[in-house]
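The values are calculated or read from the model by the stated rules, or taken from the named source; none is laboratory data. This is a predicted model, so every value here is computed, not measured. Using ideal geometry, Cβ is built from the backbone for each residue, glycine included, and neighbour counts are taken over all protein chains shown.
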Amino acid sequence: MSNRLSDVEARIASVHELESVVSAMRGIAAARSQEARSRLDGIRACADLIGAAIGDALMLDDHDTQPSRADADGGTHVVIVVCAEQGFVGMFNEHMIEAAANLPGTDARGYFVIGGRGAVVADAHGLKIDWSAPMVAHADEVATLASRITEALYERLETGRATRVTVLHAVPQLSATIEILQKSLLPFDFTRFAVPARHLAPLVTLAPQRLLAELAEEYVYAQLCEALMLSFAAENEARMRAMVAARTNVLDTLDQLTGDFRRLRQEEITAEIVELSAGSPAVEAARCKPRPSR
């Protein structure tokens with residue numbers, strides 16, 4: 001009985017330690033999600049500034065041709081899927097890969113999978129991974145990763161290995177479901193930028209076509225930064241929900257172990273009382289037994 005009781009005590013101590021770990025992971029995930037959300041305004045302001053510059057540069061273009069390195073008709077369609085690098089995110093990666101696999105269309109596709117865990121799931125689904133990279137662990141790493149993706153994309157565009165680019169990423173929200181956003185990056189749509197109503201065009205030192213092409217690349221980079229930051233926030237919110245569920249299970253296990261400990265302790269006390277009670281008549285008889293005379 002004492003061995004069983006000590007085993008339950010040891011398990012209770014382990015569960016308390018696990019509860020501390022789960023609570024710490026939840027706190028870290030909450031802090032990272034909040035930090036990612038706080039960076040979004042700056043990224044969007046940068047994208048708006050680049051968009052305004054594109055509008056100004058369009059005043060210099062003759063509008064006969066639109067500067068784009070991609071052709072919407074045919075060719076390889078590159079799909080960027082932003083997944084998670086670390087675990088404890090529930091079905092986050094599975095939902096992302098399934099959304100990528102179920103994109104409409106019959107064009108040839110190559111997948112850029114961001115996040116090691118997502119790459120494993122993509123491989124299990126039979127997706128053709130052309131390029132992959134680890135997902136960021138901190139918000140400060142988003143700019144570097146976006147730069148790497150942009151370079152890999154334009155390298156393929158320049159060599160004719162890609163003609164379309166779409167990014168799939170999750171967005172943070174309060175509900176338990178994962179909302180996935182699909183955004184077309186290339187071919188670049190210049191018609192969405194308003195040309196300012198003024199008579200004088202800006203003074204530039206580059207040819208209009210080259211200027212617009214470089215501004216478009218900067219805008220794609222800003223869009224990738226936003227997609228990565230949103231996905232990073234969504235990933236950590238998924239981890240928070242997973243930790244809430246884990247803590248609930250931990251508390252249920254702790255309640256069960258506490259009940260087992262109390263039951264075993266009560267059984268041990270009862271056994272001791274029974275043993276003492278059974279031994280009382282024998283002890284009393286021994287005391288009352290007359291001693292032999294000498």
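The table below gives the values:
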| quantity | calculated |
| --- | --- |
| Residue satisfying condition, being under 20 Å from Leu49 (Cβ atoms), outside any loop (DSSP other than H, G, I, E, B) and among the hydrophobic types (A, V, I, L, M, F, W, C), within set Ala143, Ala170, Ala152, Ala197 | Ala143 |
| Evaluation of Ala137 against (1) part of a loop (DSSP other than H, G, I, E, B); (2) surrounded by 22 or more Cβ atoms within 10 Å (Cβ to Cβ); (3) not basic (Lys, Arg) (one fails), failing number | (2) |
| Check on Leu203, aliphatic (A, V, I, L, M), more than 25 Å from Ala99 (Cβ to Cβ) and in a helix (DSSP H, G or I) | no |
| Filter result for Ala24 (at pLDDT 90 or above, among the small types (Gly, Ala, Ser) and crowded, with 17+ Cβ neighbours inside 10 Å) | no |
| In segment 181-197, residue nearest to the chain's Cα centre (by Cα) [restricted to those that are within 15 Å of Ala222 (Cα to Cα) and aliphatic (A, V, I, L, M)] | Leu185 |
| Those residues of segment 126-150 which are of a type outside the set (A, V, I, L, M, F, W, C), more than 14 Å from Cys225 (Cβ to Cβ) and over 19 Å from the mean Cα position of the chain (by Cα), in sequence order | Gly126, Lys128, Asp130 |
| Of the criteria (1) part of a helix (DSSP H, G or I); (2) surrounded by fewer than 21 Cβ atoms within 10 Å (Cβ to Cβ); (3) of a type outside the set (Ser, Thr, Tyr); (4) over 31 Å from the mean Cα position of the chain (by Cα), which one Arg241 fails | (4) |
| So Ile178, is it touching a residue at least 40 places away in the same chain (Cβ under 8 Å), over 22 Å from Ala216 (Cβ atoms), of a type in the set (A, V, I, L, M) and out of contact with any Asp or Glu (no Cβ under 9 Å at 6 or more places or on another chain) | yes |
| Restricting segment 125-142 to residues that are hydrophobic (A, V, I, L, M, F, W, C) and more than 20 Å from Gln86 (Cβ to Cβ), the residue that is modelled with the lowest pLDDT | Leu127 |
| Residues being hydrophobic (A, V, I, L, M, F, W, C) and more than 16 Å from Tyr219 (Cα to Cα) - total across segment 126-156 | 8 |
| Candidates Ala227, Ala233, Ala222, Ala216, filtered to the one that is in contact with a His (Cβ under 6 Å, 6 or more places away or on another chain), outside any loop (DSSP other than H, G, I, E, B) and modelled with pLDDT of 95 or more | Ala227 |
| Selection from segment 101-118 of residues that are in a strand (DSSP E or B) and at pLDDT 95 or above | Tyr111, Phe112, Val113, Ile114 |
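Matching residues to (1) surrounded by fewer than 22 Cβ atoms within 10 Å (Cβ to Cβ); (2) under 21 Å from Ala242 (Cα atoms); (3) of a type in the set (Lys, Arg); (4) touching a residue at least 12 places away in the same chain (Cβ under 8 Å):
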position	(1), (2), (3), (4)
Ala100	no, no, no, yes
Gly118	no, yes, no, yes
Val121	no, yes, no, yes
Glu141	yes, no, no, no
Ser147	yes, no, no, yes
Glu155	yes, no, no, no
